[in-house]
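Everything below concerns the one structure shown next.
We did not get these values from a lab; they are worked out from the coordinates using the rules stated. Quick caveat, the model's predicted, so the values are computed rather than measured. Heads up, the Cβs are rebuilt from the backbone with ideal geometry, glycines too, and the neighbour counts pull from every protein chain shown.
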Amino acid sequence: MQLITPFLWYNTEAEEAARFYTSIFPDSKILSTSYYGSNTHMPEGTVMTVNFELAGQKFVAMNGGPNYPLTPAISFMVEVDSQEELDRYWDALSAGGEPVQCGWLTDKFGLSWQITPPELLQMIEDPDSARKERAMGAMMQMVKLDLNKLREAYNA
């Protein structure tokens, strides 16, 4: 049993978002869908929730209406091992969305993502402040991360 499940509130795009995300990540699938009945704030038969898995992690998406839009205060970090993997997730998730900075993007539904190699996290946690600062400085200049440029800055 998964103890904590991210629950995402969408206006009316829950099913479309779940299908989009499951098309991008391996080991992903729609698990179930529920629908609004009568006497609710949404039309009867409208998708209410979609339970899905991304890379084995369970999520729930709900069509709740426009009261609570997604915000960059919450994001999902995707750890990638190579520039090729970084590029693939970046390109897929940013399609129709908006690149931000430092490896962050907002997808076409308004959900924020960070596409990050664990190697970067090690760089910015390095006790050598000069190396850490060089990596941070390089990262701050980037939108989509470039792993080779981060390594060059870190090792300069």
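Straight-line reach from Lys149: which lysines have a Cα under 24 Å away, not including same-chain ones fewer than 8 places off?
Hits, sequence-local ones excluded: Lys132.
Residues in the stretch 7-30 near a label at Ala73, defined as backbone nitrogen under 15 Å from the 7 Å Cα→Cβ point?
Inside the label zone: 9.
Run down the lysines and flag those whose C-alpha is under 26 Å from the C-alpha of Lys108, throwing out any fewer than 8 positions away in its chain.
Reachable lysines: Lys29, Lys58, Lys144.
Any idea what the dipole of the chain comes to, in debye rounded to 20, about its Cα centre with Lys/Arg Cβ at +1 and Asp/Glu Cβ at -1?
Roughly 200 debye, rounded to the nearest 20.
What ranking, highest mean first, results for peptides 112-121, 146-155 when packing means the other Cβ atoms within 10 Å averaged over each residue?
112-121, 146-155
How much length, in nm to one decimal, is gained on full extension between Leu31 and Met142, taken as 0.36 nm per residue of separation minus their Cα-Cα distance? Spell out each step's value before the answer.
On the way: separation 111, 0.36 × 111 = 39.96 nm, distance 3.67 nm.
Taking Leu31 through Met142 to full extension adds about 36.3 nm, to one decimal.
Using alpha-carbon positions, what is the distance between the centroids of the stretch 32-66 and the stretch 131-150, in Å?
Centre-to-centre distance over Cα atoms comes out at 39 Å.
Based on DSSP H runs of at least 4 residues, each adding -39500 (n - 2.57), what is the mean residue ellipticity at 222 nm of the chain after dividing by all its residues, to the nearest 500 deg cm²/dmol?
-9500 deg cm²/dmol
Check Met48: other-chain or 5+ apart residues with amide H under 5 Å from its amide H, H built from backbone geometry?
When sequence neighbours closer than 5 places are left aside, the close amide H contacts are Ser34, Tyr35, Tyr36.
Looking at the chain only, what percent of DSSP beta bridges run antiparallel? Nearest 5 please.
65
How big is the stretch 1-144 along each principal axis, measuring the range of its Cα positions in Å and listing the largest first?
Taking the Cα atoms of the stretch 1-144, the three principal extents are 62, 29, 27 Å.
So how tilted is helix 83-94 from the main axis of the chain? Cα-based, degrees 0 to 90, rounded to 10.
For 83-94 against the chain, the angle is about 40 degrees.
Using the Cα centre as the reference, give the magnitude of the dipole from point charges on the C-beta atoms of the stretch 51-117 (Lys, Arg: +1; Asp, Glu: -1; all else neutral), rounded to the nearest 20 debye.
Its charge dipole is roughly 360 debye.
Any idea what the relative contact order of the stretch 1-52 is, in percent, if you count C-alpha pairs under 8 Å spaced at least 6 apart?
33 percent.
Can you tell me the orientation of helix 129-140 relative to the chain, as the angle in degrees between its alpha-carbon axis and the longest Cα principal axis, to the nearest 10?
Long axis of 129-140 versus the principal axis of the chain: about 50 degrees.
Could you work out how far helix 14-24 tilts from the main Cα principal axis of the chain, as a 0 to 90 degree angle to the nearest 10?
40
Quick one: which of 37-43, 4-10 comes out on top by average Cβ neighbours within 10 Å, and what's the full order, highest first?
Descending mean neighbour count gives 4-10, 37-43.
Below 8 Å, C-alpha to C-alpha, sequence gap of six or more: please give me the relative contact order for the stretch 79-125 in percent.
Taking the mean separation of contacting Cα pairs over the length of the stretch 79-125, I get 36 percent.
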